[in-house]
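The values are calculated or read from the model by the stated rules, or taken from the named source; none is laboratory data. Treat the numbers as computed from the prediction; the structure is a model and nothing was measured. Don't worry about glycine lacking a Cβ; one is built from the backbone with ideal geometry, like all the others, and counts go over all protein chains shown. Ligands, DNA and RNA are stripped out before the accessible areas are found, and what is left, the full protein with its side chains, is counted by its heavy atoms. Shrake-Rupley method; radii C 1.70, N 1.55, O 1.52, S 1.80 Å.
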Amino acid sequence: MKLVVLGAGGRLGAALIREFRPKHEVVGFNHAQLDLSNLESVREELSATTFDVLVNAAAFTNVDACETERDRAFRINAEAPGVLAEICNEKDAKLIHFSTDYVFDGQKRAPYTEDDQANPISAYGESKLAGERNVLAAGDEHLVVRVSWVFGPDRPSFVDAMIKRAQQDEKIDAISDKFSTPTYTHDIANMLPQFFDRGVAGGVLHFANAGECTWQEYAQWALDCCRDAGISLKARTVGTLKLSDMTNWVARRPVYSVLSSAKYAQLTGTPPRTWRQAVADYITRSYSKK
Ligand SMILES: NC(=O)c1ccc[n+]([C@@H]2O[C@H](COP(=O)([O-])OP(=O)(O)OC[C@H]3O[C@@H](n4cnc5c(N)ncnc54)[C@H](OP(=O)(O)O)[C@@H]3O)[C@@H](O)[C@H]2O)c1
């Protein structure tokens, strides 16, 4: 399989390239090498490249900045994925495009399935939903993978910020009234190859580690894992913050955006491991050696 991965400098894209390289021929493009807001150069560059699968892990992911830069958000997150799908059609290649739990409004209190109505409440979510629709309008053999709370070693995320704060301060806190599921880039890299074949599972697919939690529970578990791994921290417990305390946020965010991976489990026969197992594994791999 010859793969092209966009977003090579990002948390997910970098992980996918690192994990796919031993088994596949992989070409990665980072932001500087391929700017998704310049559709002409995207067409030119990718038309000259041969591949069977194009993985798009590039996106304008700053949720607050998307509110103030709507045009840019729609160009990168909506228009560009549609063009990528058209390029794939010309090459008989499959597009695997990443999307987000933020396409939902968060009103539900049970995991969102692929059949649930998307109803974004932010410009980021709107632009990502428009991107999904553009991809699938170009061809229903393409795959849109919605993920949530992505973490991994290639770019710091919430969990790394909390561990760093716990190393520096005795008192730390995190939001305790917003729910989703942390998802490890390593697990995404393991699940994805099952879908490389153009004939396998097009449409929308949810993938997250199993279970659900608040940011406070997520951070507390990370600290507990660090303690078990002998990593010295100043803070032992994570205090609670409320969503209403986040007065500096520009964009609205869904309160509940847990993704159901039931369809994935049914398609593959293998449910994802729990988020607690995934976070524990990450801390062992990435922090224990430091
Ligand atoms: N992180 C999460 O918690 C999360 C949750 C749900 C869904 N997702 C989705 O998962 C995917 C991967 O996200 P991630 O966590 O890896 O985010 P990330 O670390 O922010 O990576 C996104 C990458 O896209 C690049 N990029 C931004 N604008 C671009 C442009 N115009 N042209 C080309 N590249 C551009 C960024 O480069 P620069 O840094 O140089 O701008 C960055 O390397 C995205 O589709 C995102 O929507 C992520």
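Okay, here's what the table says:
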| read-out | value |
| --- | --- |
| Selection count, the range 161-200, where residues are in a loop (DSSP other than H, G, I, E, B), crowded, with 17+ Cβ neighbours inside 10 Å and of a type outside the set (Lys, Arg) | 4 |
| First in the range 78-103 and free of Cβ contacts under 8 Å to residues at least 60 places away in the same chain, second anywhere and more than 9 Å from the ligand (Cβ to nearest atom) and hydroxyl-bearing (Ser, Thr, Tyr), Cβ under 7 Å, 6 or more apart | Ala78/Ser127; Ile87/Ser47 |
| Selection within the range 79-114 - within 12 Å of the ligand (Cβ to nearest atom), buried (at least 21 other Cβ atoms within 10 Å of the Cβ) and part of a helix (DSSP H, G or I) | Ala80, Pro81, Leu84, Asp101, Tyr102, Val103 |
| The range 122-133, subset more than 9 Å from the ligand (Cβ to nearest atom) and either of a type outside the set (Ser, Thr, Tyr) or at pLDDT below 95 (or both), residue most open to solvent (accessible area, probe 1.4 Å) | Arg133 |
| All positions within the range 134-145 that are under 14 Å from Glu114 (Cβ atoms) and open to solvent by 10 Å² or more (accessible area, probe 1.4 Å) | Leu136, Asp140 |
| Qualifying position, being aliphatic (A, V, I, L, M) and on the phi > 0 side of the Ramachandran plot, among Ala166, Ala201, Ala123, Ala174 | Ala201 |
| Matching residues, the range 1-21, being within 17 Å of Glu45 (Cβ to Cβ) and either modelled with pLDDT under 95 or in a strand (DSSP E or B) (or both) | Lys2, Leu3, Val4, Val5, Leu6 |
| The lone exception for Phe158 - which of (1) more than 11 Å from the ligand (Cβ to nearest atom); (2) open to solvent by 50 Å² or more (accessible area, probe 1.4 Å) it fails | (1) |
| Residue match in the range 228-250 (condition: of a type in the set (S, T, N, Q) and within 20 Å of the chain's Cα centre (by Cα)) | no |
| Counted residues, the range 39-63 - those being more than 9 Å from the ligand (Cβ to nearest atom), assigned to a helix (DSSP H, G or I) and open to solvent by less than 70 Å² (accessible area, probe 1.4 Å) | 5 |
| Selection count where residues are within 20 Å of Thr185 (Cβ to Cβ), in a helix (DSSP H, G or I) and of a type in the set (Lys, Arg), scope the range 121-147 | 1 |
